[in-house]
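Notes follow once the structure below has been shown.
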Amino acid sequence: MLLSLLSLNIACSGDPTLVDDTRTFANNTWNRFTPEVFEFSVPNADDFYRIDFELVVDTALMRNPQLPLTVNLYSPDGERRMFYAYVNMVENGRWKGIVTPGRDRDGIRTLTQNIRPFFTFNAKGDYRMEIAQATSQYDLEGVRSFRLNVLRTEVDYSILDK
């Protein structure tokens, strides 16, 4: 209950976007051993950030109900942090996400999932994030694009005083 109240008090409006970058895949295929690389600069290590992943998938080609991803983050001092993330694409036997009007087929869906609600970077400076699909398929068919969105966020701790 407290966590849900705390998350409702996140103030995101007006905060700058740290990263908003989309990658498209040739032939709607994401190769397992070719990570997507994002480079960006963190201006302040004291800030909280939320990390969202967005996928545009062709449900006719996608065979996986969940997409596992590996994330490697390299800091300015050379430290490497690694974590796994999962985008859940099916819920109760139905595809999640929205069908975008004007797409060439109705099976094209856009799915957005929050991966880290309150993420902190260890230092300010230039970072490199490598994101790779971690399925057992060498080439994962059905992924049209991948978007990384990192937004500065603030937590309102005043709810804890109530």
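Bear in mind that the values in this text are calculations on the coordinates, not laboratory data. Keep in mind that what you see is a predicted model, and the values were worked out from it rather than measured. Methodologically, a virtual Cβ is constructed for each residue, glycine included, from the backbone with ideal geometry; neighbour enumeration extends over all protein chains shown.
For the stretch 78-84, backbone phi angles converted through the Karplus equation (6.51, -1.76, 1.60; θ = phi - 60°) give residue-by-residue couplings of x, 5, 10, 10, 10, 8, 9 Hz, Gly and Pro being listed as x. Couplings 3J(HN,Hα) of the stretch 150-155, computed from phi: 10, 10, 5, 9, 10, 10 Hz, in residue order, whole Hz [Karplus 6.51 cos²θ - 1.76 cosθ + 1.60, θ = phi - 60°; x for Gly and Pro]. Remark: the stretch 25-41, residue by residue, has Karplus-estimated 3J(HN,Hα) of 10, 4, 6, 6, 10, 9, 6, 4, 9, 10, x, 7, 10, 10, 10, 7, 10 Hz, where x stands for each Gly or Pro and the curve is 6.51 cos²θ - 1.76 cosθ + 1.60 at θ = phi - 60°.
Test of understanding: extend the Cα→C-beta vector of Thr100 to 7 Å, then name every residue of the stretch 49-85 with backbone N under 11 Å from that spot. Only 55-58 fall inside the zone, counting backbone N under 11 Å.
Label the stretch 29-98 by shape, choosing from rounded, prolate and oblate, from the square roots a ≥ b ≥ c of the eigenvalues of the Cα gyration tensor; if a/c is under 1.5 it is rounded, and otherwise prolate applies when a/b is larger than b/c, oblate when it is not. Please report the intermediate quantities before stating the final value.
On the way: a/c = 2.73, a/b = 1.93, b/c = 1.42.
It comes out prolate by the Cα gyration axes.
Expressed in units of 2.2 N^0.38 Å, where N is the residue count, the Cα radius of gyration of the stretch 2-157 is 1.10. Computed extension gain for Thr153 through Phe40, at 0.36 nm per residue and net of the alpha carbon distance, reaches 39.0 nm. Which residues in the stretch 120-141 have a backbone N closer than 11 Å to a point placed 7 Å from the Cα of Glu79 along the Cα-to-Cβ line? It comes to 120-124, nothing else.
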